[in-house]
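Inspection log for the structure reproduced underneath, given as C-alpha cells.
The values are calculated or read from the model by the stated rules, or taken from the named source; none is laboratory data. Just so it is clear, the structure is predicted and the values come from calculations on it, not from any experiment. Note that each Cβ is placed from the backbone with ideal geometry, even for glycine, and that neighbours are counted across all protein chains shown. Note: areas computed on protein heavy atoms with side chains; ligands, DNA, RNA excluded. Shrake-Rupley method; radii C 1.70, N 1.55, O 1.52, S 1.80 Å.
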Amino acid sequence: MIDPVKKFSALNDPDLKAAISMRGVWKLFDEVVALKDINLDIQAGEKVVIIGPSGSGKSTALRTINRLEEATIGQIYINGQDIYTKTNDINKMRQNVGMVFQNFNLFPHMSVLTNLTIAPMTLRKINKSEAEDRAMFLLKKVGLIDKAKAYPSMLSGGQQQRVAIARALAMQPSIMLFDEPTSALDPEMIGEVLDVMVKLAEEGMTMVVVTHEMGFARQVADRVIFMDQGAVVEEGLPMQLFDYPQHPRLQQFLKQIL
Amino acid sequence: MIDESKQTANEEKVLIFTEGPAPLNIKEKNRISAWFFSFAFSILTLAGLCIYRPDPYWTIMLFVPDGLLVTFQITLISVSIAVPIGLLTGLGRLSKNPIINSIASVYVEIIRGIPLLMQLFYIYFALGSLLQMSPMVSAVIALSFCYGAYMGEVFRAGILSVSHGQTEAARSLGFNQQQTTFIIVLPQAMRTIIPPIGNECIALLKDTSLVSVIAISDVLRRGREYAASTYEYFETFTVIALVYLIITLLLSKCMSMIEKRLSYYDRSR
C-alpha cells in the first residue's frame, strides 16, 4: 500500500528551524489511508489554512501535530524537537501548542475563569493571582471580561469558542491549531470568533487553521493548502489557489463551495 | 455536524439501574408524589399500629433498634470500602494496560456470576474457618467485594459517558492521563455516577439482611429472635418491612438532594 518511492521522502531532513516540520507522515485507520505522505514546513509566525472536502484528512493532519492522532509512520518536529522521541515528554510539548476544537470542549464543571486558570496553575505552577490576572487579560482580549464567573453552559456558542481560544492562549503557546473552529456555530456567531482569530494573527501567532471560511483564508493566510483523499494536492498563496486553481480537484471543490 | 450530534447524544446518556427504589429525578413530578405516598403510607401505618396496638407492635419497635444499629454499621463500613474498590475497578476496566484490565475484568465477571448469599457463605464458612474471621468481618468483606464489582461497572459507564472531546481538550493543554482523569473527567462523571451509586448503597443496605444467616444480630435477625419466642411472625415482619421501607425511602430522598446539588453547572441560564 505504501509507495516505496514516496517513502523515501521521509529520509529528507526535517527543517529544524521551522515551528512545525512534518516528513513522510502517513496515517492508516485499519484499511483506510487517512494521510498520504504529508511533508510540510510551517515557519514561526506563519499562518497556514488547510482546506479540502470532508474526509480529506485535513483534521487528521492537524491532530497529528500535537499527537492527538498518532502518525503511523513519519517524523514530526515542533520547534526543532522530535515529538516521537521518548526523551521528549509529549505533555510538555503540548503545552506549547494550543488547540481549538469544533465543539469548543470547555470544561463544563468549571467557571470560565477556572477554565482559563486550571492548566497554567497545574502545569506551569503559576500562583492563583497571577493566573487570574492573565486570564482576565485574555478574557478582555476576546471581549468576555464580564463572563468570568459564568459557567460554559450559560454562554452562546460563539462566546464558548472565544473562551476556548482564551483557554488555549492561557498556556502561552507559540503555535495555535484550529480544527474547524466555526463549523458548529450559528452563522451570526461566526464573525465574532473570526475577529478574535484575525486579531491573534495580526499579533504574529503561528497558526494552522482547518476551516471552510474562505474569506478568512483570503484575509489572513500566508499559505493555503488544499488536501484531498489524505494528500496535499496543491498549496500556495491564497490568491493563487482561489483565483487560479491548477488541479482539477481543487477547481471542482471551489466550484462546489462558492 | 456529525460530531456535534454525537456529543449531544453523549451528554444525554443516562445510566439504567434496576435494583432498589429509584432515586428521585427532579424532572419527574409524579415520582415525587409516588415517593410521598409511600413514605406517608409507611409512617402512618407504623405509627397507627404502635398507637392502637402497642402490644405487640410497640414492644417489637423497642426490640429492633439494636439490630438497626448493626445494619447501619455494616452498611456504612461496606459502602466506604466498596466505593474505592468500585472506583479502582472502573478505572482498571478502562485501563489500556492489559494486566490491570484483565485483573479488573476477571474480578467483575467472577463476583457477578456468584450469588451474594453464596459469597457470604463461602467467605464466612470456607475462608472464615481457615483465617479465623469473625462473622462481622466476613460480612463486611463479602458485601464490599460484591458491591465493589457492581459499582465498578457504574464507574466505568459514568467515565465513558463523559464526551471524548473533554479528554482531548485536556490532553491538548498538556495534562497527562492521570491529571485528565482526576481533574477533568471524574468530576464530570460524578454527576452520572452518583445516582446509581446511591442506588447501589440502598441495595447494599437491603442486602445486609442476608447477614442474619451467619449469626449477626441485624434488624432481620432481631425480628426473627423476637418472633421465635412469641410466635408473632405476622406482626414482627410487618414492622421490620416497614422499617426497611422507611429507611430506604429516606435514603433515596437524600440521594436526590445530592444529585440536585451536583447539577449546579447545568443550564443555569
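Computed values, structure above
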read-out: Exclusive hit being touching a residue at least 24 places away in the same chain (Cβ under 8 Å) and in contact with a strand residue (DSSP E or B) (Cβ under 9 Å, 6 or more places away or on another chain), set A:Arg134, A:Arg162, A:Arg124, A:Arg167; value: A:Arg167
read-out: Only listed residue being away from chain A (no Cβ under 14 Å), of a type in the set (A, V, I, L, M, F, W, C) and open to solvent by 50 Å² or more (accessible area, probe 1.4 Å), chosen from B:Ile110, B:Ile123; value: B:Ile110
read-out: The lone exception for B:Leu204 - which of (1) part of a helix (DSSP H, G or I); (2) under 30 Å from A:Met110 (Cα atoms) it fails; value: (2)
read-out: Residues located in the stretch A:116-128, provided they are farther than 15 Å from A:Lys92 by Cα and at the interface with chain B (Cβ under 9 Å from one of its Cβ atoms); value: A:Ile118
read-out: For A:Ser111: the one exception among (1) among the small types (Gly, Ala, Ser); (2) more than 14 Å from chain B (Cβ to nearest Cβ); (3) touching a Phe, Trp or Tyr at 6+ places or on another chain (Cβ under 8 Å); value: (2)
read-out: Filter result (more than 8 Å from chain B (Cβ to nearest Cβ) and buried (at least 20 other Cβ atoms within 10 Å of the Cβ)) within the stretch A:87-103; value: A:Val100
read-out: Strands (runs of 3 or more DSSP E) within the stretch A:1-79 that include 1 or more residues of a type in the set (Gly, Ala, Ser) and at pLDDT below 95; value: A:20-29, A:32-42, A:73-78
read-out: Matching residues, the stretch B:165-182, being more than 7 Å from chain A (Cβ to nearest Cβ), open to solvent by 10 Å² or more (accessible area, probe 1.4 Å) and of a type outside the set (S, T, N, Q); value: B:Phe182
read-out: Candidates B:Ile99, B:Ile110, filtered to the one that is over 16 Å from B:Cys146 (Cβ atoms) and free of Cβ contacts under 8 Å to residues at least 60 places away in the same chain; value: B:Ile99
read-out: The stretch A:194-206 residues that are under 16 Å from A:Ile42 (Cβ atoms), paired with ones that are of a type in the set (D, E, K, R) (beta carbon under 7 Å, 6 or more apart); value: A:Ala201/A:Lys47; A:Thr206/A:Glu46
read-out: Lone unmet requirement of (1) without any contact (Cβ under 8 Å) to a residue 60 or more places away in the chain; (2) under 30 Å from B:Leu249 (Cβ atoms); (3) open to solvent by 10 Å² or more (accessible area, probe 1.4 Å) for B:Phe145; value: (1)
read-out: Filter result (closer than 22 Å to A:Val32 by Cβ and either part of a strand (DSSP E or B) or open to solvent by less than 50 Å² (accessible area, probe 1.4 Å) (or both)) within the stretch A:205-249; value: A:Val210, A:Ile225, A:Phe226, A:Met227, A:Asp228, A:Gly230, A:Ala231, A:Val232, A:Val233
read-out: Test: residue in the stretch A:85-94 that is of a type in the set (A, V, I, L, M, F, W, C), within 29 Å of A:Ser183 (Cα to Cα) and touching a Leu at 6+ places or on another chain (Cβ under 9 Å); value: no
read-out: Residue within the stretch A:129-140 that is closer than 22 Å to A:Met189 by Cα, in a helix (DSSP H, G or I), more than 8 Å from chain B (Cβ to nearest Cβ) and basic (Lys, Arg) present; value: yes
read-out: Within the stretch A:59-73, tally of residues that are within 13 Å of chain B (Cβ to nearest Cβ), of a type in the set (A, V, I, L, M, F, W, C) and open to solvent by less than 30 Å² (accessible area, probe 1.4 Å); value: 2
read-out: A:Thr122 being within 26 Å of A:Thr182 (Cα to Cα) and part of a helix (DSSP H, G or I); value: no
read-out: Any hit, the stretch B:207-229, residues being assigned to a helix (DSSP H, G or I), touching a residue at least 60 places away in the same chain (Cβ under 8 Å) and closer than 30 Å to B:Ala189 by Cα; value: yes
read-out: Positions within the stretch A:122-161 being touching an Asp or Glu at 6+ places or on another chain (Cβ under 9 Å) and open to solvent by 30 Å² or more (accessible area, probe 1.4 Å), in sequence order; value: A:Gly143, A:Tyr151, A:Ser156, A:Gln159
read-out: Unique match (being open to solvent by 10 Å² or more (accessible area, probe 1.4 Å), within 11 Å of chain B (Cβ to nearest Cβ) and farther than 22 Å from A:Ile118 by Cα) among A:Leu185, A:Leu194; value: A:Leu185
read-out: Single condition A:Ile76 does not satisfy, out of (1) under 30 Å from A:Met214 (Cβ atoms); (2) within 14 Å of another protein chain (Cβ to nearest Cβ); value: (2)
read-out: Some residue of the stretch A:197-210 being over 30 Å from A:Ser129 (Cα atoms) and away from chain B (no Cβ under 14 Å); value: yes
